[in-house]
Amino acid sequence: SQTIHQWPATLVQPVGSPLSLECTVEGTSNPNLYWYRQAAGRGLQLLFYSVGIGQISSEVPQNLSASRPQDRQFILSSKKLLLSDSGFYLCASSLDNTDTQYFGPGTRLTVL
Amino acid sequence: GENVEQHPSTLSVQEGDSAVIKCTYSDSASNYFPWYKQELGKRPQLIIDIRSNVGEKKDQRIAVTLNKTAKHFSLHITETQPEDSAVYFCAASRGAGNMLTFGGGTRLMVKP
């Protein structure tokens with residue numbers, strides 16, 4: 001079965017600073033990967049998804065970007081953080097031929 | 001695109017009572033309907049899912065029913081316990097390779 005790792009677990013960053021969140025997946029190959037954001041007390045907002053290396057689709061235009069440099073690595077980045085970027089960032093994975101998504105442990109980001 | 005509505009947004013029940021959470025979806029081509037449980041500060045965890053070729057699925061105290069004609073599906077929790085307290089999310093998709101569209105979530109509180 002697949003295991004999803006996210007790093008770091010928590011992060012406090014000043015407004016205007018850069019961001020890099022990492023997600024890695026073990027136990028499977030060629031997964032579909034997703035980045036979600038969850039504001040405090042709110043639902044899940046899909047930010048990006050990827051069906052393969054270098055293939056990124058954006059769901060919400062904003063100051064965030066995503067990259068997939070390796071099959072089982074998904075990175076979320078920003079050049080300049082905004083206060084509104086604070087939230088719980090969740091990476092999810094599904095096997096190539098299935099629709100069941102499993103979530104990683106998440107990164108809690110606070111922008112001050 | 002798909003739109004998933006979830007009701008109620010909050011639900012308070014007495015321990016031992018049943019809880020029912022309902023979701024409606026708009027895309028008649030959707031055929032996969034998972035439910036996730038998210039405890040405070042944790043990742044969403046898949047608790048049960050159903051596909052459109054069945055009308056009901058049970059797993060111990062949890063059951064999900066699907067009415068494709070009416071385009072709605074429900075989560076039923078019987079004999080609720082305090083540890084069932086969490087936020088529950090429903091979702092819908094067209095199947096493998098397609099995105100999950102999440103409902104807004106239901107905060108369930110089970111009073112001892």
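How large is the charge dipole for the protein assembly as shown, taken about the Cα centre, if only the Cβ atoms of Lys, Arg (+1) and Asp, Glu (-1) carry charge, to the nearest 20 debye? Could you put the intermediate results ahead of the total?
On the way: 20 positive and 19 negative charges, 69 e Å.
Dipole size: approximately 340 debye.
Return the value, in Å² to the nearest 100, of accessible area buried between chains A and B (probe 1.4 Å, both sides summed). Present the calculation step by step, with values, prior to reporting the outcome.
On the way: alone 6020 and 6350 Å², together 10790 Å².
Between A and B, the summed buried area is about 1600 Å².
So what's the gap between the Cα centers of the stretch A:1-77 and the stretch B:1-70, to the nearest angstrom?
The stretch A:1-77 and the stretch B:1-70 have Cα centres spaced 25 Å from each other.
Could you provide, to the nearest whole Å², the per residue accessible area of chain B with probe 1.4 Å? Walk me through the numbers before you get to the answer.
Numbers: 5540 Å² over 112 residues.
That works out to 49 Å² for each residue.
Counting pairs of Cα atoms in the protein assembly as shown, how many percent are more than 32 Å apart?
20
Grab the protein assembly as shown and count how many Lys pairs have their alpha-carbon atoms under 27 Å apart, sequence gap of 8 or more, or different chains.
Value for the protein assembly as shown: 22.
Between Rg and the Kirkwood Rh of chain A, both from Cα atoms, what is the Rg to Rh ratio? Before the final figure, lay out each step's value.
Working: Rg = 13.2 Å, Rh = 13.9 Å.
Using only Cα positions, Rg/Rh for chain A is 0.95.
Heavy atoms only, 1.4 Å probe, whole protein assembly: order B:51, A:37, A:42 by accessible area, highest first.
On the way: B:51 95, A:37 30, A:42 155 Å².
Per-residue accessible area, sorted high to low, gives A:42, B:51, A:37.
³J(HN,Hα) across the stretch A:13-25 via Karplus (A = 6.51, B = -1.76, C = 1.60, θ = phi - 60°), whole Hz, x for Gly/Pro?
10, x, 4, x, 7, x, 9, 8, 10, 10, 10, 10, 10
Work out Dmax and Rg for chain B from the C-alpha atoms and quote the Rg first, both in angstrom.
Computed over the Cα atoms of chain B, radius of gyration and Dmax are 13.4, 42 Å.
Run the 1.4 Å probe and let me know the accessible area of residue A:60, rounded to the nearest 10 Å².
40
Given H placed 1.01 Å from N in the peptide plane, which residues other than close sequence neighbours of residue A:98 have an amide H under 5 Å from its amide H?
Correct list: B:97.
How big is the accessible area of residue B:90 in square angstrom, nearest 10, if you roll a 1.4 angstrom probe over the protein chains?
Approximately 0 Å² for this residue.
What residues of the stretch A:42-57 lose no less than 40 Å² of accessible area with every protein chain in place versus their chain by itself (probe 1.4 Å, heavy atoms only)?
Residues meeting the cut-off: A:44.
The values are calculated or read from the model by the stated rules, or taken from the named source; none is laboratory data. None of these values were measured; they are calculated from a predicted model. Positions of Cβ are generated from backbone atoms using ideal geometry, with glycine treated the same way; all protein chains shown enter the neighbour counts. Ligands, DNA and RNA are excluded from the accessible area calculation, which covers all protein heavy atoms including side chains. Shrake-Rupley method; radii C 1.70, N 1.55, O 1.52, S 1.80 Å.
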